[in-house]
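Values quoted throughout were computed directly from the atomic coordinates according to the rules given, and no laboratory measurement underlies them. Quick caveat: nothing in here was measured; it's all calculated off a predicted structure. Note that each Cβ is placed from the backbone with ideal geometry, even for glycine, and that neighbours are counted across all protein chains shown.
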Amino acid sequence: MEASSKNNFFKEWGLTIIGAIVIGLLVWKFLIYTVWIKSASMKPTLEVKDRLIATRVYNPENLNRGDIVIFDSDELKEILIKRLIGLPGDHIEIKDGIVSVNGEQLNEDYVKNNEVCNKTFDVPEGEYFFLGDNRANSDDSRYWKDPYIKGEKIQGKAKVKIYPITDFKVYK
């Protein structure tokens, strides 16, 4: 291979490889990222040391009740992952640990370790209410001084559990 054809080969493939790396980094930075579970507040759905792929959330109005969401908690000064229970404008009543939203009892078959709690919440516009699945071991909206998370504090939504590989799971 002569020198000019080698240069052309490296220019073509070099630009392609650099372009692919840049696109990959942009996707990773602005669309998806990985999350490592540090607490047992979402057991049995998520265990300590599980790893997830999450999509970034730019419009929290597209989230649904029941989504597993990553957000920044000003009160606890850390990033948390919890289940979205209350949307803006919702009336939430927790009686003997059973959660009702706008008068309808939620089917929470993912909750395996419930806790007796009796409280009522009205979610303000632009804010959200979160609970852990492991209710007896979750520092969540029920106990915070300000129980609501502003939409701009929401960072992502869990999409796929990738580790441990034996527990691979896709979340809707």
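Could you grab me the full set of residues in the range 103-120 that are in contact with an Asp or Glu (Cβ under 6 Å, 6 or more places away or on another chain) and farther than 30 Å from ILE32 by Cβ? Even if it seems obvious, please write down each step before you answer.
Within the range 103-120, the subset in contact with an Asp or Glu (Cβ under 6 Å, 6 or more places away or on another chain) is 110-111, 116, 120.
Selection gives VAL116, THR120.
Considering each residue of the range 31-65, count those that are exposed (fewer than 13 other Cβ atoms within 10 Å of the Cβ) and either touching a helix residue (DSSP H, G or I) at 6+ places or on another chain (Cβ under 6 Å) or on the phi > 0 side of the Ramachandran plot (or both), and give that number.
Residues that pass the stated criteria total 1.
Name every residue in the range 61-85 that is in contact with a Gly (Cβ under 6 Å, 6 or more places away or on another chain) and either among the β-branched types (Val, Ile, Thr) or farther than 17 Å from VAL35 by Cβ (or both), in order of residue number.
Of the range 61-85, the ones in contact with a Gly (Cβ under 6 Å, 6 or more places away or on another chain) are 70, 82.
Correct list: ILE70 only.
State all residues of the range 66-106 that are in a loop (DSSP other than H, G, I, E, B) and either touching a helix residue (DSSP H, G or I) at 6+ places or on another chain (Cβ under 9 Å) or hydrophobic (A, V, I, L, M, F, W, C) (or both); if no residue qualifies, say none. Before the answer, list the steps.
First pass over the range 66-106, keeping only residues in a loop (DSSP other than H, G, I, E, B): 66-67, 74-77, 87-90, 96-97, 102-103, 106.
Passing the criteria: ASP74, LEU76, LEU87, PRO88, GLY97, LEU106.
Against the conditions (1) surrounded by 17 or more Cβ atoms within 10 Å (Cβ to Cβ); (2) under 20 Å from the mean Cα position of the chain (by Cα), where does PRO88 fall short? Just the number, please.
With (1) surrounded by 17 or more Cβ atoms within 10 Å (Cβ to Cβ); (2) under 20 Å from the mean Cα position of the chain (by Cα) applied to PRO88, the lone miss is (1).
Go through the range 123-138 and give me each residue that's under 16 Å from GLY97 (Cβ atoms) and either surrounded by fewer than 19 Cβ atoms within 10 Å (Cβ to Cβ) or β-branched (Val, Ile, Thr) (or both).
Of everything in the range 123-138, those that are under 16 Å from GLY97 (Cβ atoms) and either surrounded by fewer than 19 Cβ atoms within 10 Å (Cβ to Cβ) or β-branched (Val, Ile, Thr) (or both) turn out to be ALA136, ASN137.
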